[in-house]
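Below is one structure; the comments refer to it alone.
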Amino acid sequence: MGANEKQVAGDHYRAKLQHWDFVVMMKLNYFEGQITKYVTRHRKKNGIQDLEKALHFAEKHLELLNTGAIPYTLGPMVESPLMARIALRDFIAANELSGLEADIIEEVCLHEPSMVVGLLNKLIEQERARNG
């Protein structure tokens, strides 16, 4: 049995294209991987708390970029922009991500960290309003 066929607790990572495979395909760094993980699973696991975790990672990521502690890159890190778009589209569909969720994942993959923070704040507000 391969790692993708096994899950320890819950079923929030069951998708045709799993998160960890997507992170490797898109060559995301640690912070980008954490942001996308929490956004992807929030509806199936811990709700707003997961979005707040994603925001915390996004803020730290932006802070490290602004201080030069990690390098800033523009655009997908993969060799083929077309393959990046296909992987992004497939991941969003496989995980049934909504408009704002999909926008956040896309901005992370395009390496636009300042956009990610704003979109996460907007999604958190939307979820709070929806949950009363």
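Values in this text are rule-based calculations from the coordinates and carry no lab data. Keep in mind the model is a prediction, meaning the values are calculated, not measured. With ideal geometry, Cβ positions are generated from the backbone for all residues, glycine too; neighbour counts draw on all protein chains shown.
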*Among helices (runs of 4 or more DSSP H) lying entirely in the range 32-132, which contain 1 or more residues that are of a type in the set (Val, Ile, Thr) and more than 14 Å from the chain's Cα centre (by Cα)?*
48-67, 81-94, 113-131
*Subset of the range 22-33 [crowded, with 20+ Cβ neighbours inside 10 Å and under 16 Å from Glu63 (Cα atoms)]*: Phe31, Glu32
*Condition test on Lys44, is it surrounded by fewer than 17 Cβ atoms within 10 Å (Cβ to Cβ) and either under 26 Å from Arg130 (Cβ atoms) or among the polar types (S, T, N, Q) (or both)?*
yes
